[in-house]
Amino acid sequence: MSARVPIAVLASGRGSNFEAIQSAIDSGFLAARITLVVSDRADAPVLEKAKAKGIPARYVAWPAAEAGESPASRRNRHESAVLAALADDLPRWIVLAGYMRVLGTELLGAFSDPVLGFSRVVNIHPALLPAFPGLESYRRAWEHGCAVAGATVHLVGEGIDDGPICAQEAFSIDGCRSAEEVEKLGLAVEHRLYPRTLSWLLSGRCAVESRRARFCVRQT
Ligand code: GRF
């Protein structure tokens, strides 16, 4: 079996993608090891789920704003605290799984990879990007009357949900009667797509390709 790549999971909520990744590790499909689960919410269920699996989990509070402080500086102070929490058992990749914060230069800079030409930070988004970036994407696909919805795994940059696309999977939502039904189908897709994409990304069998005014990541 290949060496297990240390990863940290950042999550703000329920943690079903964390569970899918950990299951893929437990089954031997994904050669990785979760060093730490970090949440910016003290009551995030993902923290308890991680502890129940024996995985270290930490709440790192969003700091109170200092007088006259810019949003970027506040974000970087939070990210410094996250980096300090990660330092005990340094991960190679940061895996975002329902992390409800935009990343800043502190964290992205610390994981910047000169060979990859990007940061080793990856996210899953519940839409076929570039459609429906931002929040409530399954609901918006449903409300828009889309015939298909999907999920995207992408590298993370400073923009919102716009880093290089690694993998996508679409599914029909023609038969769905509610946004909740779309989300249920979507989460099942995510739980397959994320571990599968991580398996080649973490092993380094990947390259960032330049397309017309864009980048994407393909398996090599
Ligand atoms: C998922 O839909 C993911 O795509 C999005 O946030 C949701 C997190 O769900 N980024 P969970 O916390 O992993 O269950």
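The values are calculated or read from the model by the stated rules, or taken from the named source; none is laboratory data. Keep in mind the model is a prediction, meaning the values are calculated, not measured. Note that we place each Cβ from the backbone using ideal geometry, even for glycine, and neighbour counts take in every protein chain shown. Surface areas here come from the heavy atoms of the whole protein model, side chains and all, with no ligands, DNA or RNA. Shrake-Rupley method; radii C 1.70, N 1.55, O 1.52, S 1.80 Å.
Would the stretch 169-178 turn up any residue that is of a type outside the set (S, T, N, Q) and free of Cβ contacts under 8 Å to residues at least 12 places away in the same chain? Don't jump to the end; show me each part of the working.
Residues of the stretch 169-178 that are of a type outside the set (S, T, N, Q), as a first pass: 169-171, 173-177.
From what's left, free of Cβ contacts under 8 Å to residues at least 12 places away in the same chain: 175, 177.
Looking through the stretch 169-178, at least one residue is of a type outside the set (S, T, N, Q) and free of Cβ contacts under 8 Å to residues at least 12 places away in the same chain.
Looking only at the stretch 11-29, filter to residues that are of a type outside the set (S, T, N, Q), away from the ligand (no atom under 11 Å from the Cβ) and not in a loop (DSSP other than H, G, I, E, B); which one of those is most open to solvent (accessible area, probe 1.4 Å)? Outline the logic, then answer.
Of the stretch 11-29, the ones of a type outside the set (S, T, N, Q) are 11, 13-15, 18-21, 24-26, 28-29.
Now narrow it down to the ones that are away from the ligand (no atom under 11 Å from the Cβ): 24-26, 28-29.
From the residues that got through so far, the ones that are not in a loop (DSSP other than H, G, I, E, B) too are 24-26.
Details: 24: 10, 25: 18, 26: 93 Å².
It comes out as 26.
Checking residue 158 against (1) open to solvent by less than 60 Å² (accessible area, probe 1.4 Å); (2) of a type outside the set (A, V, I, L, M); (3) in contact (Cβ under 8 Å) with a residue 40 or more places away in the chain, which test does it fail?
Only one criterion is unmet by residue 158, namely (1).
Please verify whether the stretch 69-90 includes one or more residues that are within 16 Å of the ligand (Cβ to nearest atom), of a type outside the set (S, T, N, Q) and touching a residue at least 24 places away in the same chain (Cβ under 8 Å). Quick ask: steps written out before the conclusion?
Taking the stretch 69-90 first, the residues within 16 Å of the ligand (Cβ to nearest atom) are none.
Among the residues of the stretch 69-90, not one is within 16 Å of the ligand (Cβ to nearest atom), of a type outside the set (S, T, N, Q) and touching a residue at least 24 places away in the same chain (Cβ under 8 Å), which makes the answer no.
Here are 116, 86: which of them is at pLDDT below 95 and either under 21 Å from residue 33 (Cβ atoms) or not acidic (Asp, Glu) (or both)? Break it down into steps so the answer makes sense when it comes.
Values: 86 fails: at pLDDT below 95.
Only one candidate passes the filter, namely 116.
Residues checked against (1) at positive phi; (2) at pLDDT 95 or above; (3) basic (Lys, Arg):
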site: 40; (1), (2), (3): no, yes, no
site: 43; (1), (2), (3): no, yes, no
site: 49; (1), (2), (3): no, yes, yes
site: 57; (1), (2), (3): no, yes, no
site: 61; (1), (2), (3): no, yes, no
site: 71; (1), (2), (3): no, no, no
site: 74; (1), (2), (3): no, yes, yes
site: 79; (1), (2), (3): no, yes, no
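State all residues of the stretch 167-220 that are open to solvent by less than 90 Å² (accessible area, probe 1.4 Å) and assigned to a loop (DSSP other than H, G, I, E, B); if no residue qualifies, say none.
Across the stretch 167-220, the qualifying residues are 173, 175, 176, 178, 203, 204.
Can you tell me which residues in the stretch 143-180 are modelled with pLDDT of 95 or more, over 15 Å from residue 129 (Cα atoms) and either within 14 Å of the ligand (Cβ to nearest atom) or under 20 Å from the mean Cα position of the chain (by Cα) (or both)?
179, 180
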